[in-house]
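Following: one structure in structure tokens, then a few remarks.
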Amino acid sequence: MALRKIQLRPGFNKQDTPTQAEGQWTDGDNVRFRYSSPEKIGGWSQLTTSTLKGIGRGQHTWSDVDGTKYSAVGTNKLLALYTGGKFYDITPLASTVATCTITSTNGSSTVTINKNTHGLEKGALLIFDNVTIPAGCSFTTADFTTNTFEVQEAKTNSFNVVMASTETGGGASAGAGCDVEPYEVIGPEGQALQYGWGVGKYGAEEWGNARSASEVTLDPGSWSLDNFGEKLIATIHNGKTFSWNPSAGTPLTTRATVATNNPTKSVMSVVSDRDRHLIQLGTETTIGNTATQDKMFLRFSDQEDFEDYTPLSTNTAGTMRLDQGNKIVGAVSGKDYTLIVTDKAAYIMTFVGPPFTFNLRQVGSNCGAIGQHAIVYANGLVYWMSHAGGFFQFDGTVKSLPCLVEDFIFSTDGNNLGINLDTGSELVYGGHNGLFSEVSWYYPDANADQVNRVVTYNYDENVWTTGTLARTTYANADVFNLPYATEYIASELSTFPTINGNTAGASVLYEHETGTNQIRHYTTGPVTTAIASNIKSGDFDLDVDGDGEYYMSVRRFIPDFKVLNTTCNVTIYLRRFPNDTATSSSLGPFNVSNATQQIWTRARSRQAAFQLNATGANSNWRYGLFRFDSRPDGRR
């Protein structure tokens, strides 16, 4: 028979069986579609030789009035600033634990800090101040004040830290003193289900009964980051709000500080860009009283003043309460509105001026968001992942977004990986890559505790892809020339800031869409790792006297690459019946280069599919059209 074209529509179809998905792509990794054709995604390169302590849980890029560009990265341990090729620690400090005493032991690097009811827990970060070295202690003041410390063990009235060297003196016995400046507690690395006593309020109906884990969750440490003019606004999820001013004194050596007169417990904050109000969402009905947090309540500051929340006839500060849902999940500022999504509904908040300041209008129901960072503004529209399964879009009205990979993400039936809805909903992070018209959501699959998967929607092509790229934060190329994103490596020790007693868990900040490989920058030099990519088609068969009536003999195929700078493996997968496990043809996989004209296959089956796989360093490819030579070969 003559050569036959296999026309494949762009995007993945994982809803149907491979046989149903004839003429479509069904799977792949590290690929995207442009002009309807598949290609490998761009590479990424680490921005510094340093890695950040903790898991990235928020990122925001902006520039000051002088044009200096910044990326603020919040982890569950700290708040860091990237600018000029370096990190700076601007983590706010909590209340001072004053007049502590020091105990040390000869030959040991462990030092005990004594203070009744100090309130610190294992893993907390801190710095020392006002250190007086006690008698018998060989350590110097600089040994305490040079680096950050991590609490190794904590008891009610004492905690331990590790010094950079061992005690060579006789040792101090609760002598002299120091002040401890703890980092603000941001939260745990994961989302935890809570058990047992104490998870409800005293006097609640459930008092006297241990509540089940499914009723209460402890959210992971996270941030909402935005800029109010040139100032950074940073709110800890269910915590305080801080600000950092790039024009104040020596800002890169100055930490973020508590924003005066702001609520002390909010789900998040967002700046309404055009009218410039700071909106606190899921916040306190009485400012300063954390017990009054109402997760459906919001308040907004006076215009151009993020430290004035007192409603007066002479300002535009005020409050509102939403009525559909149990909690505000997240919000994002659009072109001339703020979209707020609860666990049940969506609202838009638009500035109308005095005396009402804002108009609040419900625009959708049964469309709740899965997590704070799952809502993305992109190209004039808002997209979000829903906690009930599926995706939504707001373009003036809320619409369900058709998705051909939906079951793969939200279900564990069959070969679907699913999503960890119990402990992973607040880990979902959405990002916009405007360079390629993509909105991506990074999430943990059903068996993972941290982000390990990605699903991407290309709004120009109107197609979906999935993959294994794991990013815990993502910032579009709005301020910097390329997107920035963080990856968490649980087994790696962070290098920024320098921490005495540091335990594993580090985030790497990458610049994306650069080159074709992954490049890590270490103090010893760069290390390049190949990025493997692949894509697989649905099944095709012979349309002779019915679909799949005859076995087909595939004699050869002709590769067609727009770009191919390496050797690509092509596998022909065969199966006799749809429920059979597909296996490679006997002569495959086949190595294809830019010089390959045709490949002889000797493949025989009822159904066949093909997969492209490129694993080498520097590999780059873009595929065109698959053509193969087949003929009937019996009906068995």
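Below is a table of values for the structure above.
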| item | result |
| --- | --- |
| Which listed residue is closer than 19 Å to Pro38 by Cα and modelled with pLDDT under 95, from Asp580, Asp543, Asp560, Asp547 | Asp560 |
| Search result, residues across the stretch 259-275 that are modelled with pLDDT under 95 and either open to solvent by 60 Å² or more (accessible area, probe 1.4 Å) or at positive phi (or both) | Asp273, Arg274 |
| Residue list for the stretch 131-172, restricted to those being within 14 Å of Ser104 (Cβ to Cβ), in a strand (DSSP E or B) and small (Gly, Ala, Ser) | Ser158 |
| Qualifying positions in the stretch 436-471 - open to solvent by less than 40 Å² (accessible area, probe 1.4 Å) and either modelled with pLDDT under 95 or hydrophobic (A, V, I, L, M, F, W, C) (or both) | Val439, Trp441, Ala446, Ala448, Val451, Val454, Val455, Val463, Trp464, Leu469, Ala470 |
| Lys53, sole failed condition from (1) farther than 20 Å from Pro251 by Cα; (2) open to solvent by 30 Å² or more (accessible area, probe 1.4 Å) | (2) |
| In the stretch 296-333, the residues that are open to solvent by 20 Å² or more (accessible area, probe 1.4 Å), outside any strand (DSSP E or B) and of a type outside the set (Ser, Thr, Tyr) | Gln303, Glu304, Glu307, Asp308, Pro311, Leu312, Asn315, Asp323, Gln324, Gly325, Asn326, Lys327 |
| Count of the stretch 597-625 residues which are over 23 Å from Asp541 (Cα atoms), buried (at least 17 other Cβ atoms within 10 Å of the Cβ) and either free of Cβ contacts under 8 Å to residues at least 60 places away in the same chain or touching a Cys at 6+ places or on another chain (Cβ under 8 Å) (or both) | 3 |
| Filter result for Leu404 (more than 30 Å from Gly74 (Cβ to Cβ), assigned to a loop (DSSP other than H, G, I, E, B) and open to solvent by 50 Å² or more (accessible area, probe 1.4 Å)) | yes |
| Residues located in the stretch 349-372, provided they are in contact (Cβ under 8 Å) with a residue 40 or more places away in the chain and touching a Ser or Thr at 6+ places or on another chain (Cβ under 7 Å) | Met349, Phe351, Thr357, Phe358, Gly368, Ala369, Ile370, Gly371, Gln372 |
| Checklist (1) surrounded by fewer than 18 Cβ atoms within 10 Å (Cβ to Cβ); (2) within 33 Å of the chain's Cα centre (by Cα); (3) modelled with pLDDT of 95 or more applied to Ser109, failing item | (2) |
| Residue check, Glu205 charged (D, E, K, R), more than 35 Å from the chain's Cα centre (by Cα), more than 30 Å from His373 (Cβ to Cβ) and at pLDDT below 95 | yes |
| Strands (runs of 3 or more DSSP E) contained entirely in the stretch 211-256, each with at least 2 residues that are at pLDDT 95 or above, hydrophobic (A, V, I, L, M, F, W, C) and open to solvent by 10 Å² or more (accessible area, probe 1.4 Å) | 223-228 |
| Unmet criterion (only one of (1) open to solvent by 30 Å² or more (accessible area, probe 1.4 Å); (2) of a type in the set (Gly, Ala, Ser); (3) within 21 Å of Asn452 (Cα to Cα)) for Gly85 | (3) |
| Filtered residues of the stretch 265-294 (kept if hydroxyl-bearing (Ser, Thr, Tyr) and assigned to a loop (DSSP other than H, G, I, E, B)) | Thr283, Thr285, Thr286 |
| Tally of residues being surrounded by 19 or more Cβ atoms within 10 Å (Cβ to Cβ) and small (Gly, Ala, Ser) across the stretch 583-596 | 2 |
| Positions within the stretch 31-44 being under 22 Å from the mean Cα position of the chain (by Cα) and open to solvent by 20 Å² or more (accessible area, probe 1.4 Å), in sequence order | Ile41 |
| Test: residue in the stretch 314-321 that is charged (D, E, K, R) and either at pLDDT below 95 or in contact with a Cys (Cβ under 9 Å, 6 or more places away or on another chain) (or both) | no |
| The listed residue being in contact with a strand residue (DSSP E or B) (Cβ under 9 Å, 6 or more places away or on another chain) and over 30 Å from Thr472 (Cβ atoms), out of Leu281, Leu312 | Leu312 |
| Pairs where the first residue, in the stretch 557-578, is within 13 Å of Lys536 (Cα to Cα) and the second is open to solvent by less than 60 Å² (accessible area, probe 1.4 Å) and not in a strand (DSSP E or B), C-beta under 6 Å, 6+ apart | Thr571/Gly588; Ile572/Ser585; Ile572/Gly588; Tyr573/Ala582; Leu574/Ser585 |
| Long-range neighbours under 7 Å by Cβ, at least six apart or interchain, first residue on the phi > 0 side of the Ramachandran plot within the stretch 236-258, second among the aliphatic types (A, V, I, L, M) and crowded, with 20+ Cβ neighbours inside 10 Å | Asn238/Val267 |
| Failed item in (1) among the polar types (S, T, N, Q); (2) assigned to a strand (DSSP E or B); (3) touching a Pro at 6+ places or on another chain (Cβ under 9 Å); (4) open to solvent by 30 Å² or more (accessible area, probe 1.4 Å), with Thr571 passing the rest | (4) |
| Cβ pairs under 8 Å, 6+ apart, first in the stretch 276-305 and farther than 16 Å from Pro354 by Cα, second in a loop (DSSP other than H, G, I, E, B) and of a type in the set (Asp, Glu) | Gly282/Asp294; Thr283/Asp294; Glu284/Asp294; Thr285/Asp294; Met296/Asp323 |
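The values are calculated or read from the model by the stated rules, or taken from the named source; none is laboratory data. The structure displayed is predicted, hence computed values, not measured ones. Heads up, the Cβs are rebuilt from the backbone with ideal geometry, glycines too, and the neighbour counts pull from every protein chain shown. The area values use the complete protein model at the heavy-atom level, side chains included, leaving out ligands, DNA and RNA. Shrake-Rupley method; radii C 1.70, N 1.55, O 1.52, S 1.80 Å.
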